Structures are given as structure tokens and as C-alpha cells.
1. Looking at R111, R105, can you tell me which residue is surrounded by fewer than 16 Cβ atoms within 10 Å (Cβ to Cβ), more than 12 Å from the ligand (Cβ to nearest atom) and touching a residue at least 24 places away in the same chain (Cβ under 8 Å)?
2. Within region 14-37, count every residue that is open to solvent by 20 Å² or more (accessible area, probe 1.4 Å), within 13 Å of the ligand (Cβ to nearest atom) and either outside the structural domain of A85 (by TED's automatic domain parsing) or at pLDDT 95 or above (or both).
3. Please enumerate the residues belonging to region 174-210 that are hydrophobic (A, V, I, L, M, F, W, C) and in a strand (DSSP E or B).
4. Does any residue in region 69-83 that is more than 9 Å from L99 (Cβ to Cβ) come within less than 6 Å, Cβ to Cβ, of a residue that is part of a strand (DSSP E or B) and more than 8 Å from the ligand (Cβ to nearest atom) six or more places away or on a different chain, and which pairs are these?
5. Between P76, P40, which is surrounded by fewer than 21 Cβ atoms within 10 Å (Cβ to Cβ), within 15 Å of the ligand (Cβ to nearest atom) and either closer than 30 Å to V195 by Cα or assigned by TED's automatic domain parsing to the domain that holds L172 (or both)?
6. Which residues, counting only those in region 133-148, are in a loop (DSSP other than H, G, I, E, B) and open to solvent by less than 30 Å² (accessible area, probe 1.4 Å)?
7. With the checklist (1) in the same structural domain as R24 (by TED's automatic domain parsing); (2) surrounded by fewer than 17 Cβ atoms within 10 Å (Cβ to Cβ) in hand, flag the one item R130 doesn't pass.
8. Has region 149-159 got any residue that is in the same structural domain as A173 (by TED's automatic domain parsing), aliphatic (A, V, I, L, M) and open to solvent by 30 Å² or more (accessible area, probe 1.4 Å)?
Amino acid sequence: MPAHVLILGGTAEARRLAAGLAARTGVRVTTSLAGRVARPGAVAGEVRIGGFGGAEGLADWLRAHHVDALVDATHPFAEAITANAARAAAATGVPAVVLRRPGWRPGPGDRWYDVPSLGGAAAALPGLGRRVFLSTGRLGLAAFAHLTDLHFVVRSVEPPGPPMPPSTELVLARGPFTVAEETELLRTRRIEVLVTKDSGGEATAAKLTAARELGLPVVVVRRPPLPQGVTVVADVAGVLEWLGLSGSLEAT
Ligand code: NAP
């Protein structure tokens, strides 16, 4: 049984895993948060906040804090920290696993346009609609700032900073949202096209159902690739199995 588990967090799965591990005797669990959100939700176990200083800094931290297992439970689009985690694990020999929830796949009735990046989404938008619901987070708005003819409705937990498109309406809210709430938002804002990252999971999927029911096109930014050779599991139960701990925490 690993004595000290470091979870790279920032996701609901990371929080669930921390809660489950913190409840076990003999396991010390530390969750690392980037510090982007001013008021992160409660996290069980120990919490550290802020960057490590690249892969080398993370490797130093693993050594200094005697980490026995590293779980990268960051968001699928947190590309830099995932690369750093893979490098730090290789440099230190600390066993590591990536918890990556499966991506979304279109179903019957969906009008999805796959793009490889936020820039690709910006290039696709003018042909798809003038009123855009942008649910890609507050940190990527610069990619759309040149689209002066389009109106954007941007939803995020905390207010974004510039640059952003000149015609931008902010909706400050923290999910999860129901299909009824998403439908209401799309209808009242007269949205013609939705842009989302392929985050996967249930918590933010209601907007996709709402878009399907309203017949709206959805621009889906596909995930960056994972580093070569990493071990990947799809859920919290997979991490527990990898850690050699029995029982499921999915109900917690
Ligand atoms: P990123 O681009 O991969 O990371 C940039 C830098 O932030 C990293 O090099 C690292 O700094 C620091 N960092 C990131 N995650 C960290 C963590 N869990 N603990 C300590 N340092 C961390 O990451 P991002 O896309 O900005 O995301 C930041 C955090 O927000 C992640 O923890 C992620 O899980 C969460 N999040 C991201 C998204 C998204 O769409 N990207 C959505 C929801 C939640 P150093 O190099 O100095 O160590």
C-alpha cells in the first residue's frame, strides 16, 4: 500500500479520490492545486497550492516529500502539468498513473464539428453562426478576440481578463447545470452555435443534450495527446485498483 500519494488535482475525480484515500488508515494523501480558482471547493487530506517550477521542481517535490505514488488527475486540457508529471515520474522512478475520463462521442442528431484547438474553433465559427455560446473557460478567450462580427456568451466561474472579443456577455456560474438550465440559457441568449472542449464526463454534458434538442451545431475542441508511455485509467476505481487498494469509491 503506498504510504504517500500525491494527486495532481483540479477535477471532481481528484476530489473524490482524495476523499476516499484520506478516509483510509495508513495512506497519506496530498492534493496539489494550481491556484487558478480563488475559492476551490473543500478537498480531503493535505492540500498544497501553486506550481512546482516545471518537471524538475515536481521531481524535487516528490523526493523531498517521500511520495510513493503520483496520480495525475488533472483536466484533460491541462497539457503542461501532465507532461511535467510524466517527466518527473520518469526522473524519480515514482510510479505514476493518469486518471483521464473518456472523451465525448456524438450520438444520433448531433451536429458536431471536431477541431484540434481553440484557434481551429475560432476559424470554424463564422460559417456556423453569429451568436456563440463559449463554454471553453475564461483562459482561452484570446483565440476569439479577433472575431469582431460575432456575439459571444461566455460562462465561467470567475471573471475573465482581456483580451476577449469586443461583443462578449459574461455569465458567472459554477456547474453542474441541468439540461433544462442549459436549454433556457441557449434559448434566452438566442445562441446559434456552441463551442466546447472535449472535457468528457457527466458534469458538463447537459449543454450537449440541450444543443442536440435545439438542433444547434457544436464545435468540439479535441484533447491534446497524452505523453508517450504513460499508464492511463478512466475513473477513480481504476486508480484504486492501480494503487492496489480494494473497493470502489465511485459512490462517495
Ligand atoms: P497547465 O497549462 O497544464 O499547467 C500550467 C502550469 O500550472 C503547470 O506547468 C504547473 O506549473 C501549474 N499547474 C497546473 N496544474 C497544477 C496542479 N494541479 N498543481 C500544481 N501546479 C499545477 O494547466 P491549466 O490548463 O492551466 O490548468 C490548471 C489547473 O486547472 C489544473 O490543475 C487542471 O486540472 C485545472 N483545470 C483545467 C482546465 C482546463 O480546461 N485546462 C479545466 C478545469 C480545471 P509549474 O510548471 O510551475 O509546476
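The values are calculated or read from the model by the stated rules, or taken from the named source; none is laboratory data. Worth saying up front: this structure is predicted, and the values here are computed from it rather than measured. Neighbour counts are summed over all protein chains in view; Cβ atoms, including those assigned to glycine, are modelled from backbone coordinates with ideal geometry. With ligands, DNA and RNA removed, areas are computed over all heavy atoms of the protein, side chains included. Shrake-Rupley method; radii C 1.70, N 1.55, O 1.52, S 1.80 Å.
1. The match here is R111.
2. Total satisfying the criteria: 3.
3. The answer is V193, L194, V195.
4. Here the result reads A69/V5; L70/L6; L70/A96; T82/D72, each pair linking region 69-83 to a residue that is part of a strand (DSSP E or B) and more than 8 Å from the ligand (Cβ to nearest atom).
5. Just one listed residue meets the conditions, P40.
6. S135, T136, G137, A145, L147
7. In the conditions (1) in the same structural domain as R24 (by TED's automatic domain parsing); (2) surrounded by fewer than 17 Cβ atoms within 10 Å (Cβ to Cβ), R130 misses (1) alone.
8. Yes: region 149-159 contains one or more residues that are in the same structural domain as A173 (by TED's automatic domain parsing), aliphatic (A, V, I, L, M) and open to solvent by 30 Å² or more (accessible area, probe 1.4 Å).
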